[in-house]
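Contents: one structure, followed by commentary.
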Amino acid sequence: NDTTTTTTGGITQLRWHPTLPLVYTSCSDGAVRIWDARNGTLMQVLTGHTDMINTLDCNFIPTNNNNNSGPMSIIVTGSDDKTIRVFEFDVAGLAQQI
């Protein structure tokens, strides 16, 4: 059974989360998608670009018990729409779902 959700365009880049079963993809439709690597389920869509994303980078920040913050991902993208976007993504919420 194929449980994956497709994108409306091609995938331009991907990054694996270093400790969780998550894959981050940038897409030609201008969105970043976060997938459960175990079963291909689409977990989250981040939007903001109006054209194809050409580059994707992620910085994974572990839990910080000093300020009660959970793990975060900082996602930086560059697009054919001539913009750079920075997304802060709370991994803790997704970690509870997977």
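Within the shell of other residues whose beta carbon sits under 12 angstrom from the beta carbon of THR25, the net charge comes to +1, with Lys and Arg scored +1 and Asp and Glu -1.
Charge tally for SER79 (other residues, Cβ to Cβ under 14 Å; Lys, Arg +1; Asp, Glu -1): -3.
Quick note: the coordinates plus some simple rules give every number you see, no bench work behind them. All values reported here derive from a predicted model rather than from experimental measurement. Cβ sites come from the backbone with ideal geometry, for glycine too, and all protein chains shown count toward neighbours.
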